[in-house]
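K.L.:
Sharing a structure here in structure tokens format.
The values are calculated or read from the model by the stated rules, or taken from the named source; none is laboratory data. Note that the coordinates shown come from a computational prediction; the quantities given were computed from them, not determined experimentally. Here Cβ is always computed from backbone atoms with ideal geometry, including for glycine, and neighbour counts include all displayed protein chains. Accessible surface areas use protein heavy atoms only, side chains included; no ligands, DNA or RNA. Shrake-Rupley method; radii C 1.70, N 1.55, O 1.52, S 1.80 Å.
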Amino acid sequence: MVKSDLKSVGFRLPKKLVEKIDAEAEKNYRDRTGEIINAIMGYYQLEKEKKEILEIMGELSKKVEALEKEVNKLKS
């Protein structure tokens, strides 16, 4: 990410959370900002994937119901 793509924001976080972020950032060879960006981007990616999975599960449920109906017809 290029520095010109970034916009400065300010917000407060609990001290314990900042300590956790800093520890993770050090482990991942990032600074605090990089770690927070990574976490937020990961969150939104997971939300997108969760939505996609739920849509697929809905489609699969419909297919299972249709198959169950067909099986019941064959049993009759």
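K.L.:
Counting other C-beta atoms within 10 Å, and keeping those with at most 15, which DSSP coil chymotrypsin sites (Phe, Trp or Tyr not before Pro) do you find in the chain?
P.N.:
Listed in order of number, the matching sites are F11, Y29.
K.L.:
Right, here's the next one. For the cross-link pairs K7/K27; K15/K51; K51/K75; K27/K50; K3/K48; K20/K48, which exceed 30 Å when the distance is taken from alpha carbon to alpha carbon?
P.N.:
In this structure, K15/K51; K51/K75 exceed 30 Å between Cα atoms.
K.L.:
What is the sum of charges around I56, taking Lys and Arg as +1, Asp and Glu as -1, for the other residues whose C-beta is under 14 Å from the C-beta of I56? Intermediate values should be presented prior to the final figure.
P.N.:
Working: positive: K48, K50, K51, K62, K63; negative: E49, E52, E55, E59.
Neighbourhood net charge equals +1.
K.L.:
Then there is this: Grab the Cα-Cα distance for K27 and E55, subtract it from 0.36 nm times how many residues apart they are, and report the gain in nm with one decimal. Each step should come with its number before you reach the end.
P.N.:
Working: separation 28, 0.36 × 28 = 10.08 nm, distance 3.56 nm.
That works out to 6.5 nm of additional length.
K.L.:
To the nearest 20 debye, what charge dipole does the stretch 8-52 have about its Cα centre, counting +1 at the Cβ of each Lys and Arg and -1 at the Cβ of each Asp and Glu?
P.N.:
Details: 10 positive and 9 negative charges, 39 e Å.
Once rounded to the nearest 20, the dipole reads 180 debye.
K.L.:
Sticking with this structure for a sec: Ignoring ligands, DNA and RNA, what percent of the accessible area of the chain is carbon or sulfur (1.4 Å)?
P.N.:
On the way: 4360 of 7420 Å².
Roughly 59 percent of what the probe reaches on the chain is carbon or sulfur.
K.L.:
Any idea what angle helix 32-75 forms with the longest principal axis of the chain, computed on alpha-carbon atoms, 0 to 90 degrees, nearest 10?
P.N.:
0
K.L.:
Please determine, in degrees from 0 to 90 and to the nearest 10, the orientation of helix 15-27 with respect to the longest principal axis defined by the Cα atoms of the chain, where the helix direction is its Cα long axis.
P.N.:
Tilt of helix 15-27: around 90 degrees.
K.L.:
Return one whole number: the accessible area per residue of the chain in Å², for a 1.4 Å probe.
P.N.:
Value returned for the chain: 98 Å² of accessible area per residue.
K.L.:
V18: net charge of surrounding residues, Cβ under 12 Å, Lys/Arg +1, Asp/Glu -1, itself excluded?
P.N.:
+1
K.L.:
Please state, rounded to one decimal and in Å, the Kirkwood hydrodynamic radius that the chain gives when every pair of distinct Cα atoms enters the mean of 1/r. Before the final figure, lay out the partial values.
P.N.:
Details: mean 1/r = 0.0607 Å⁻¹.
Answer for the chain: a Kirkwood hydrodynamic radius of 16.5 Å.
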